[in-house]
Every structure is written in C-alpha cells, then in structure tokens.
1. What distance in nm lies between label points placed 7 Å from Cα along the C-beta direction at residue 1 and residue 66?
2. Normalised by the number of residues in the stretch 137-217, what is the relative contact order in percent for Cα pairs under 8 Å and 6+ residues apart?
3. Give me the one-decimal nm value for the distance between modelled label points at residue 94 and residue 144, 7 Å along each residue's Cα-to-Cβ direction.
4. Give me the 1.4 Å probe accessible area per residue for the stretch 40-88, excluding ligands and nucleic acids, in Å².
5. Using a 1.4 Å probe on the protein heavy atoms, what percent of the accessible area of the chain belongs to carbon and sulfur?
6. With a/c under 1.5 counting as rounded, go ahead and sort the stretch 70-153 into rounded, prolate or oblate using the C-alpha gyration tensor (a ≥ b ≥ c being the square roots of the eigenvalues; past the cut-off, prolate if a/b is larger than b/c, else oblate).
7. For the chain, what is the mean residue ellipticity at 222 nm derived from helices alone (per DSSP H run of n ≥ 4: -39500 (n - 2.57); sum divided by total residues; nearest 500 deg cm²/dmol)?
8. Just in the stretch 80-148: which trypsin sites (Lys or Arg not before Pro) are loop by DSSP and have at most 15 other Cβ atoms within 10 Å?
Amino acid sequence: MLFCAPGVYRPEADTWLLKRAFDGARIHRGGRVLDICTGSGALAIAAARAGAAEVTAVDISRAAVASAWLNSRCRGLGIELLRGDFEAVLGDRRFDVVLANPPYVPTPPGTHTRGSARAWNAGPTGREILDRLCTRLPRLLSAQGVALIVHSTLADPDRTVGLLRDQRLKAAVVARSQIPFGPVLRERAAWLAAAGYIASDQNREDLVVIRADRTRA
C-alpha cells in the first residue's frame with residue numbers, strides 16, 4: 001500500500017501498464033533510472049527494487065514529492081526526489097532509463113488546474129507536457145538509453161512516435177490496454193465528444209506505452 005497525500009495521483013491502470021512494460025522490457029537493471037511525474041513514487045520504487053544503481057524521481061507537486069519520499073524511505077530505498085518542472089531541475093543529467101506517466105487528458109480551455117488535477121489535465125490537446133517531453137528526451141538519455149512513456153490514445157500516440165523519431169530515436173508502441181472511463185473522462189465526456197476526441201456513446205479508453213531507444217551517442 002502506498003501513501004498518497006491529499007491531491008496526489010494514486011497509482012491507476014496507466015501506472016501498472018507502464019510497470020508491466022518496464023518489467024518486460026529486459027532493460028539492464030544496473031543503470032540510472034529517471035521517473036518523471038512520479039506521483040506516489042510507485043514506478044521509482046519498482047525501478048529501485050528491480051536493481052537500478054540510482055533512481056531519481058521528479059514531480060512538480062510538493063505533496064507528491066513528500067509522498068514519494070515517505071513511500072521510498074519506509075521501504076529502505078534511497079531514491080533521489082526533486083521537486084519542479086523536469087526541464088528546469090534536471091539540467092544536463094542523463095539516464096539509462098526514463099519512465100514517464102505525464103498528464104495527458106485533453107482539457108477544456110479555461111479549466112483551472114489545481115491539486116490532483118495537475119496529474120491529468122494537459123491542455124486542449126492533452127499534450128502540454130508530452131510535446132516538451134518528446135523534444136527533451138534525447139538530452140535525457142545516455143548512449144543506448146531507453147524511455148517508456150504511457151498515455152491515452154486521446155493524446156495522439158502517432159504524434160508521440162513521430163516526434164520521437166524526429167529526434168532520431170527509435171520509437172514504437174509496445175503495450176496497450178483498454179479500460180472503462182474513470183471519473184475524469186466520464187465528467188468531461190460530452191466535451192470530448194463535441195471536440196471530436198471520442199464517439200458520443202464511447203465509454204472506454206485505450207492506454208498505450210511507447211518505447212523510445214537512443215541508438216547512438
């Protein structure tokens with residue numbers, strides 16, 4: 001059981017899909033792992049337990065960083081926790097594995113985002129963080145580094161793959177899962193349908209994990 005302070009995103013289907021992709025990726029476990037948008041720290045903890053030499057976890061939320069710190073320390077894991085925007089706090093550091101579960105839910109214009117909503121609200125296209133992540137990723141990966149990113153098909157996986165390939169990364173969807181709409185999507189289903197993201201009678205979403213490999217230094 002993971003502790004989540006009020007306003008912190010609890011591990012959900014996307015978290016566990018990303019963890020399964022990480023577990024099945026046969027990635028060298030002795031390297032440096034970065035967990036972007038760590039939330040409760042679930043993925044950072046999984047990486048540390050899998051044998052990573054170093055794990056760094058980043059989140060913009062103070063409550064999330066505090067929750068991840070408590071969860072990792074209670075398990076005797078020395079995970080480095082950084083609070084802030086990932087582009088601002090990581091500088092020129094590079095990692096062998098990057099895991100990311102960023103906000104990706106398309107959000108009506110003018111929506112005020114606070115508390116736990118920061119974990120899913122991602123602007124009208126769902127890509128406010130995803131586009132920046134795809135552009136920055138080559139500078140985060142070490143030679144032969146690997147990234148795994150999870151998001152909904154509502155946020156356009158083809159664009160993610162295309163942007164990563166534009167950055168000279170090898171990229172493809174490596175895992176999928178279909179789940180019923182949760183409370184957030186049920187609440188904004190009418191807007192999503194009107195905006196053309198879903199069919200009017202749709203009540204399930206597809207999640208994907210996209211893998212990106214850096215094939216040259």
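1. Distance between the two pseudo-spin positions: 2.0 nm.
2. 53 percent
3. So the label points at residue 94 and residue 144 sit 1.3 nm apart.
4. It amounts to 42 Å² per residue over the stretch 40-88.
5. Its accessible area is 51 percent carbon and sulfur atoms.
6. oblate
7. The per-residue figure over the chain is -9000 deg cm²/dmol.
8. Passing both the DSSP loop test and the Cβ count: 93, 114.
The values are calculated or read from the model by the stated rules, or taken from the named source; none is laboratory data. All values reported here derive from a predicted model rather than from experimental measurement. Reconstructed Cβ throughout: ideal geometry from the backbone, glycine too, with neighbour counts over all protein chains shown. The accessibility values were calculated without ligands, DNA or RNA, using every heavy atom of the protein model including side chains. Shrake-Rupley method; radii C 1.70, N 1.55, O 1.52, S 1.80 Å.
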